[in-house]
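Chemist: First the structure, then my questions, so here it is.
Quick note: the coordinates plus some simple rules give every number you see, no bench work behind them. Every value quoted in this text rests on a predicted model; they were computed, and no experiment measured them. Virtual Cβ from ideal backbone geometry, glycine too; neighbours counted across all protein chains shown.
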Amino acid sequence: MVVLVKHVPDTEARIAVAGGGRSISEEGINFVLNPYDEFAVEEALRLKERLGGQVTVVTLGPERAKEALRTALAMGADEAVHLRDDALEGGDALSVSVALARALKDIPFDLILCGKQAIDDDSCQVGPRVAELLGIPQVTVVTKLEVDAAARTARAQREMDGYSEVVETPLPALVSAQKGLNEPRFPSLPGIMKAKRKEIKTLNLASLGLDASQVGRAGQGAEVQALEVPSRARRGRILTSDPPAAAAELAALLRGEAKVL
Amino acid sequence: MDFRFTEEQEMIRKLARDLTEKEVIPKVAEWDASGRFPRELFARMGELGLLGLPFPEEWGGAGADTLSYVLVLEELARGSLGVALSYEAHVSLGCTPLYLFGTEEQKRKYLVPCAQGKWLACFGLTEPGAGSDAGATQTTAVLDGDQWVINGTKCFITNASQAEVAVITAVTAKGMGTRGISAFIVPRGAPGFRVGKAYDKLGVRCSDTAELIFEDCRIPRENLLGELNQGFKQFLKTLDGGRLGVAALAVGLAQACLDQALRYAQQRVQFGQPLSKFQAVQFKLADMAAELDVARWYTYRLAVVKDEGARITKEAAIAKLFASEAAARAATQAVQILGAYGFSSEYPVERFYRDAKLLEIGEGTSEIQRLVIARELGC
């Protein structure tokens, strides 16, 4: 099994735009393993405990991204691969997927797991794109997963708006994890100590056999033009008149000011 | 000097923080009200490898360093000083003497299950007539054939009724004062050994505190811990580590006080502005932050120094004295900033206030710390 992970700012981080206006400033930000990826790692570990096999975690990112791999190793993953090259940086979901898919050609797998999205750019694209590039089926936003190792199939449940959908797919396939799939374990202390001794394999552009034009900023499909911090001026308003008057006032505001009616 | 945490220290801190936020903070008010020791939490901590944190893997531990241990104590104490204190007593006071002075056989038999988290350990030193003055120990141990016969009572023992094994001190050579004390390992269930009634305490209410009572208690001869008549020296060394641990607990509690007081001061509006805009409140918060930072970094540094093998008697006393008094001041000021809310159980600061007092008393009172420091200065 392979789990794709990303190192992202934690949800409490105060985001500031970096100089240049196209990226966020990393100063003073605490980075963590993307929470949806934690579900994916946990699910892979549970499958391993039930069915055997190996769990390899893969990330693409700067040097600090090793911490995300180390966290997954501490939870119990067996191996870690870090796609690390300045040329790979600054790209979008397309160029990241190209690099990841290339790396996955050399890692044997029956199943790829990943989070349904990274909580930093929320693009939700890398998992599906990797599956497309590898030519394997994908099931996204999964809250329940059953694997039949003998039949080489997986049944996945997806929570939709108001109903749930059960999808069966042959393996190998890619499954993206939604909250509710499981409750991720804490990495245990012995796990943390062992993770320190596990080797993280680093792949650069040359070892991936990719050209700089295919990856990173050069290989991206969409370009960020500008980043802006949302204005904080928008404040809620509380209508304090008695209910019939407040309702009339609300309707007037929704029509006249918010222009949504 | 490198003051950056290693990746592993960061991960251990995060583990302790996540555990505290998910499994301690939501339940701590109930534990405090009922005075119930959350044994199930300690089982969980055992599974996560925390109960053997600093001991080598060959003895069932995780082999982490003292700074990692300090970080875990700090995080736990942010959530519950009672839980953190019981954890500290297990590791620093119960397990450490087994690790430092035990034979291979004793470590295999007693340290391993403790470090693996299957057992809890306690340390019996204090007696009704011998607290700060440990030389006045009354409990006796007399060799009778192949058994030691122990008589006496230990009081205010953390983890007493929960522990599967106790390390205790007893007089083995009458009239020799501190040079006539030895340490013994007493497993739960030893004939003649029982646990007295639990104390009803002002603070750290979910930490288990009771008496250990020995009435012709018989333990095998091989349960002498380390060498005969070396007990006093042994527990002084044990207490050095314990005091560093208490300093870490104080740092965690002081942080919790600052967090609560700052959040409240920023939200509570009086006379048209948040409390945090009033200089009288700002100065309290600034003092809390300043003392906390000094206590924290002194404690962190001392953890590193300890692992370098240095003797830390004076420094551990300084850390414990300063951090515990800083925590007590922080708790007092936090209650003051929250006003009437601080006085009610609606907010946790009243618990912090009650808990903080213990830090100035347990594992050597503030007065004893000053005495140790003065003695180390050559007074």
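Chemist: So what does the Cα-only Debye profile of the range B:1-118 read at q = 0.11, 0.19, 0.20 Å⁻¹, as log10 I(q)/I(0), no solvent term?
Modeler: Per q value, in the given order, log10 I(q)/I(0) is -0.36, -0.99, -1.07.
Chemist: Calculated FRET efficiency, A:Glu27 and B:Thr178, Cβ-Cβ r, R0 56 Å, to nearest 0.05? Write out the running numbers ahead of the final one.
Modeler: Numbers: r = 55 Å, r/R0 = 0.98.
With a Förster radius of 56 Å, E is 0.55.
Chemist: Using a 10 Å Cβ count of at most 14 others and DSSP loop calls, identify the longest part of chain B lacking such GluC sites (Glu not before Pro).
Modeler: Excluding the exposed sites themselves, the longest stretch runs over B:1-226.
Chemist: Answer with one residue from B:Gln336, B:Gln147, B:Ala160: the one whose Cα lies farthest towards the positive end of the charge dipole of chain B, charges on Cβ with Lys, Arg +1 and Asp, Glu -1.
Modeler: With unit charges placed on the Cβ atoms, the residue in question is B:Gln336.
Chemist: Another one. Given points 7 Å out from each Cα along the Cα-Cβ axis, report the A:Glu49 to A:Leu250 separation in nanometres with one decimal.
Modeler: Taking the simple label geometry, A:Glu49 and A:Leu250 are separated by 4.6 nm.
Chemist: Let me ask something else about it. Pairs of alpha-carbon atoms within less than 8 angstrom and 6+ residues apart define the contacts here; what relative contact order does chain A have, in percent?
Modeler: 24
Chemist: For the range B:253-379, what is the convex hull (Cα atoms) projected area averaged across all directions, in square nanometres? Walk me through the numbers before you get to the answer.
Modeler: Details: hull surface 34.5 nm².
It is 8.6 nm².
Chemist: Looking at the range B:122-229, send over the antiparallel percent of its DSSP beta bridges, to the nearest 5. Don't jump to the answer; show the numbers that get you there.
Modeler: Values: 28 of 32 bridges.
Here the share of antiparallel DSSP bridges comes out near 90 percent.
Chemist: Could you calculate, for chain B, the ratio of the Cα radius of gyration to the Kirkwood radius, expressed as Rg to Rh? Working shown, then result.
Modeler: Details: Rg = 20.8 Å, Rh = 21.1 Å.
Here the Rg-to-Rh quotient is 0.99.
Chemist: Under the Karplus relation 6.51 cos²θ - 1.76 cosθ + 1.60, θ = phi - 60°, what is the ordered set of whole-Hz ³J(HN,Hα) values for the range A:43-51, x standing for Gly and Pro?
Modeler: 3J(HN,Hα) across the range A:43-51, in whole Hz: 5, 5, 5, 5, 5, 4, 5, 7, 10.
Chemist: Right, next: Find, among the GluC sites (Glu not before Pro) in the range A:182-261, those assigned to loop by DSSP (not H, G, I, E, B) with at most 14 other beta-carbon atoms within 10 angstrom.
Modeler: Numbers: sites: A:Glu199, A:Glu223, A:Glu228, A:Glu249, A:Glu257; in loops: A:Glu199, A:Glu223, A:Glu228, A:Glu257.
Taking the range A:182-261 and a limit of 14 other Cβ atoms within 10 Å, the loop GluC sites (Glu not before Pro) found are A:Glu199, A:Glu223, A:Glu228, A:Glu257.
Chemist: Could you work out the mean projected area of the convex hull around the alpha carbons of the range B:122-229, in square nanometres to one decimal?
Modeler: Details: hull surface 26.2 nm².
With the hull built on Cα positions only, its mean projection is 6.5 nm².
Chemist: What are the equivalent ellipsoid semi-axes of the range A:91-156, built from the alpha-carbon gyration tensor (square roots of five times its eigenvalues), in whole angstrom, biggest first? Walk me through the intermediate numbers first.
Modeler: Values: eigenvalues 96, 51, 13 Å².
Taking √(5λ) for each eigenvalue gives 22, 16, 8 Å, largest first.
Chemist: Given points 7 Å out from each Cα along the Cα-Cβ axis, report the A:Glu89 to B:Gln282 separation in nanometres with one decimal.
Modeler: A separation of 3.9 nm, rounded to one decimal place.
Chemist: With r defined as the distance between the Cβ atoms of A:Leu133 and A:Asn204 and R0 fixed at 25 Å, what FRET efficiency is calculated, to the nearest 0.05? Don't skip to the answer; put the middle values down first.
Modeler: Numbers: r = 20 Å, r/R0 = 0.79.
After rounding to 0.05, the efficiency reads 0.80.
Chemist: Still on this structure: Each residue of the range B:159-169 in turn: what ³J(HN,Hα) in whole Hz from Karplus with 6.51, -1.76, 1.60 and θ = phi - 60°, glycine and Pro shown as x?
Modeler: After applying 6.51 cos²θ - 1.76 cosθ + 1.60, I find 6, 3, 7, 9, 6, 7, 8, 10, 9, 10, 10 Hz.
Chemist: If you average 1/r over every pair of different alpha-carbon atoms in the protein assembly as shown and take one over that average, what Kirkwood value in Å do you get?
Modeler: Values: mean 1/r = 0.0359 Å⁻¹.
This gives a value of 27.8 Å.
Chemist: A further question follows. Check cross-link reach from A:Lys6 to the lysines: straight Cα distance under 28 Å, and skip same-chain residues fewer than eight apart.
Modeler: Hits, sequence-local ones excluded: A:Lys48, A:Lys66, A:Lys105, A:Lys116, A:Lys144, A:Lys179, A:Lys194, A:Lys196, A:Lys198, A:Lys201, B:Lys14, B:Lys22.
Chemist: On to the next question. Which of the aspartates and glutamates could be linked to B:Lys233 by a straight reach, that is with a Cα gap under 17 Å, when you skip same-chain ones fewer than 8 residues away?
Modeler: B:Asp133, B:Glu363, B:Glu376
Chemist: Across the range A:76-82, in residue order, what do the Karplus-derived ³J(HN,Hα) couplings come to in whole Hz, using 6.51 cos²θ - 1.76 cosθ + 1.60 with θ = phi - 60° and x for Gly and Pro?
Modeler: x, 4, 8, 9, 9, 10, 10
Chemist: Which trypsin sites (Lys or Arg not before Pro) in the range A:1-48 sit in a loop by DSSP (not H, G, I, E or B) and have at most 12 other Cβ atoms within 10 Å of their own Cβ? Working shown, then result.
Modeler: Working: sites: A:Lys6, A:Arg14, A:Arg22, A:Arg46, A:Lys48; in loops: A:Lys6, A:Arg14, A:Arg22.
When the trypsin sites (Lys or Arg not before Pro) of the range A:1-48 are filtered for loop state and at most 12 Cβ neighbours within 10 Å, A:Arg14 remain.
Chemist: Under a no-solvent Debye model with one identical scatterer per Cα of the range A:216-261, what's log10 I(q)/I(0) at q = 0.18, 0.19 Å⁻¹?
Modeler: -0.71, -0.75
Chemist: With label points built 7 Å along Cα→Cβ from the Cα atoms of B:Ala29 and B:Gln336, find their separation and express it in nm.
Modeler: If labels sit at B:Ala29 and B:Gln336, their model points lie 2.6 nm apart.
Chemist: Around B:Val305, what is the net charge, scoring Lys/Arg as +1 and Asp/Glu as -1 over all other residues with Cβ under 12 Å from its Cβ? Could the numbers behind the result be given before it?
Modeler: Values: positive: B:Arg301, B:Lys306, B:Arg311, B:Lys314; negative: B:Asp65, B:Asp240, B:Asp307, B:Glu308, B:Glu315.
That sum, taken over residues with Cβ under 12 Å, equals -1.
Chemist: Rg and Dmax of the range A:2-214 over Cα atoms: what are they, in angstrom?
Modeler: 16.7, 54
Chemist: Would you mind calculating the gained length between A:Glu183 and A:Leu227 on full extension (0.36 nm times residue separation, minus the Cα-Cα distance), in nm to one decimal? Mind showing how you got there, number by number?
Modeler: Details: separation 44, 0.36 × 44 = 15.84 nm, distance 3.38 nm.
Here the answer is 12.5 nm.
Chemist: Given a cut-off of under 8 Å on Cα pairs at least six residues apart, what relative contact order in percent is computed for the range B:232-377?
Modeler: Working: 170 pairs, mean separation 48.3, N = 146.
Here the relative contact order equals 33 percent.
Chemist: Counting pairs of alpha carbon atoms under 8 Å apart in space and at least six apart in sequence, what relative contact order in percent does the range A:120-261 give? If you can, show how the numbers build up before the last one.
Modeler: Numbers: 117 pairs, mean separation 21.3, N = 142.
Relative contact order comes out at 15 percent.
Chemist: Per 10 Å bin from zero, what fraction in whole % of the C-alpha pairs of the range A:161-207 is there, up to the bin with the longest pair?
Modeler: Cα pair-distance distribution for the range A:161-207, in percent: 15, 24, 33, 22, 6.
Chemist: Sticking with this one: I'd like the trypsin sites (Lys or Arg not before Pro) in the range A:50-108 restricted to DSSP loop residues with at most 12 other Cβ atoms within 10 Å, sorted by number.
Modeler: Values: sites: A:Arg50, A:Arg64, A:Lys66, A:Arg70, A:Arg84, A:Arg102, A:Lys105; in loops: A:Arg84, A:Lys105.
Passing sites in the range A:50-108 are A:Lys105.
Chemist: Right, next: Might you report the magnitude of the Cβ-based charge dipole of chain B about its Cα centre, with Lys and Arg at +1 and Asp and Glu at -1, to the nearest 20 debye? Intermediate values should be presented prior to the final figure.
Modeler: Numbers: 43 positive and 47 negative charges, 127 e Å.
About 620 debye.
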